[in-house]
Structures are given as C-alpha cells and as structure tokens.
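See below for the structure under consideration.
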Amino acid sequence: MRTAKLLIASVLALGLGMGAASAAVGPKAPVQEWPHTGFFGTFDRAALQRGYQVYKEVCAACHAMKQIRFRNLEGIGLSAAEVAALAKEYETTDGPNDEGEMFKRPARAADRFPSPFPNELAARAANGGAYPLDLSLIAKNRAGGENYVYALLTGYRDNPPPGFVLGDGMYYNDWFAGHQIAMGPPLMADRVTYADGTPATVERMAKDVSTFLAWAASPHLEARNSLGVKVMLFLFILTGLLYATKRKVWRNIKH
Ligand code: HEC
C-alpha cells in the first residue's frame, strides 16, 4: 500500500515537473509538412543541399556546428570530391607541431565544421552578450524540433504587440520563449542565390535550413526508417508462415 502511494506520488511529481519544464518553453510551433517525418520518411536531398547553403552563407557567421564533419555532407548527396573541395575553402587549426606550436592548414573532409568564434566569451562579445548556440543538435534539443526552427526564423514581427516592452538590441519573435530574442532576423528574401535556381523566399530558406538542421541532428533517421520497414515486412511474412503452419498442424485434429 505504501509503495503504491509512493509510486502514485512520484508519478504525479514527475508529471508536474514535466509540466513546469514545458511551461518555460515558448508557444507550441505549428507542425509543417516534411517529407522526412513519418514511417517511410526520407530527406529531400535538394532541400538538404539548399539548407546547407543557407547555413554556410548565413548562419555560420554566428553559429557553430561542431558535431558535423565535412565528410558527413556525403549524407546530403555530395560526392567525396565535392566534399574535399568544400573543406579546402576553410582553414583549421591543427597541432601542436614538433616545435609545440599550433598551425593553420586547409581543412580536410575528416575535419569538423570550423567555428566562427574561438570560444563562448568571444561569441557573446560579438553578439551583445547573447550566445549563438551550436546548431548541431538544435532540432533535437528544442521542443518542436525543425518545426520550432522554422517558426522562429519566420516569426519575427517589426512591431511588437502594444504594451510589450522590448529590451535594447532585442527583436520581437512570436515563437521564442519570452518573445524577445537577441538574434536579429537572419533571413530576408534573396539572402542567398540558390545553385538550383529555386527562388530564395524567407519561407523557402527557413524550410531548407530547418531540413538541414533536422538531418544534422538525426543523420541516421533514414536508415532507422528503412530498418523499420524491413522489420515490419519480416513480421508480416512470419505471421503468414506461422498461420500456415498452425493450419497444417491442426488439419486432422477436431477442434
Ligand atoms: C549575427 C549573428 C547570427 C546569425 C547570422 C544567426 N544567428 Fe541564430 N542566434 C544568434 C544569437 C546571438 C542567438 C541567441 C539569442 C538569444 O538568446 O536571445 C541565436 C539563437 C538562435 C537559435 C536558438 C533559439 C533558442 O531556442 O534558443 C536558433 C535556432 C538560431 N539562432 C538559428 C539560426 C539560424 C538557422 C540561422 C541562419 C539562418 C541563424 N540563427 C543566424 C545569432 C545569429
């Protein structure tokens, strides 16, 4: 009895705790249609590549993605040669060498994406004290995932609702917890020129970069989905075989 009471109490406490935790999160972002969600989901390769372009040309000025290595980009459909050429555009710090000194060299496919700032303090100093967090796992670490990222990027308002007092250097955003964010609207129409000719509207860029961030946070999603499909198929066939066996075994037995 006591254990039962304890159990109920702890379940309640957990529930309340989770309620409190989710209350700190902003409003629930509307769910968009994504080809990669759902049981058979696969990423849209063209959107992934456009999304990488948006990250590279816009977000990477402030946000690192330390978990991602250049060679991971083969997962969005780039060839090994394309990845090597891309990596070479960057310099990375390596070492120490025989003299004990760090040195710069062109990045290679096995290197992580370089960070825009050497450390958190430098990042904050350049952003009015706010920290542009690492985006590698953002689509997993925020409620709503890629829906939240999309809502955030398209959720800026020039004029906050009457009565809302906006802090200095802050921007009003419908979807950020507390509604004021230190990141100015990073996207405006034609901010990038897409290699595939897709018109670069704010919504398109937001959707593409959100797709890219969803992939970065779950690069194995497709493998998991296709394993899931195989398992279901296997179970389906197994059920059929077992049923046939059962019929055979019971054929001559009255039941
Ligand atoms: C000029 C610098 C800058 C650029 C460019 C920039 N950001 Fe930010 N971003 C910031 C800063 C600073 C914060 C922290 C804001 C805060 O805490 O108020 C932030 C926060 C965020 C957050 C976190 C919101 C949260 O829930 O904590 C996301 C997601 C984000 N940025 C995505 C992006 C994406 C995607 C791009 C590219 C399209 C981008 N940012 C471009 C500076 C930038």
Just the Cα atoms of the stretch 106-148: what Rg and Dmax do they give in Å? 13.3, 37
As I understand it, the dipole of the chain uses +1 on the Cβ of Lys and Arg and -1 on the Cβ of Asp and Glu, about the Cα centre. Which of 85, 135, 31 lies farthest toward its positive end? 31
Taking only Cα atoms of the chain, what ratio of Rg to Rh do you get with Rh as the Kirkwood inverse-distance radius? 1.12
When 234, 113 are ordered from fewest to most other Cβ atoms inside 10 Å of their Cβ, what list results? 234, 113
Rounded to the nearest 500 deg cm²/dmol, what is the calculated helix-only ellipticity per residue at 222 nm for the chain, with -39500 (n - 2.57) per DSSP H run of length n ≥ 4? -14000 deg cm²/dmol
Angle between the chain longest axis and helix 2-23 axis [Cα atoms, degrees, rounded to 10]: 40
Rank the residues 188, 205 as a footprinting-exposure proxy: fewest other Cβ atoms within 10 Å of their Cβ go first. 188, 205
Protection-proxy order for peptides 119-126, 60-67, each taking the mean of Cβ atoms within 10 Å per residue, highest first: 60-67, 119-126
In this model, which of 56/207; 28/207; 66/140; 140/230; 66/207 are farther than 20 Å apart at the alpha-carbon? 140/230; 66/207
Determine the equivalent ellipsoid of the stretch 205-251 by diagonalising the alpha-carbon gyration tensor, then write out the semi-axes as square roots of 5 times the eigenvalues, largest first, rounded to whole Å. 43, 8, 4
Cα gyration tensor, the stretch 46-182 - rounded (a/c under 1.5), prolate or oblate: oblate
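Bear in mind these aren't lab numbers, they're just calculated from the coordinates by the rules spelled out. Predicted model only: the values in this text are computed from it and were never measured. Cβ coordinates were reconstructed from backbone atoms using ideal geometry, including for glycine residues, and neighbour counts include every protein chain displayed.
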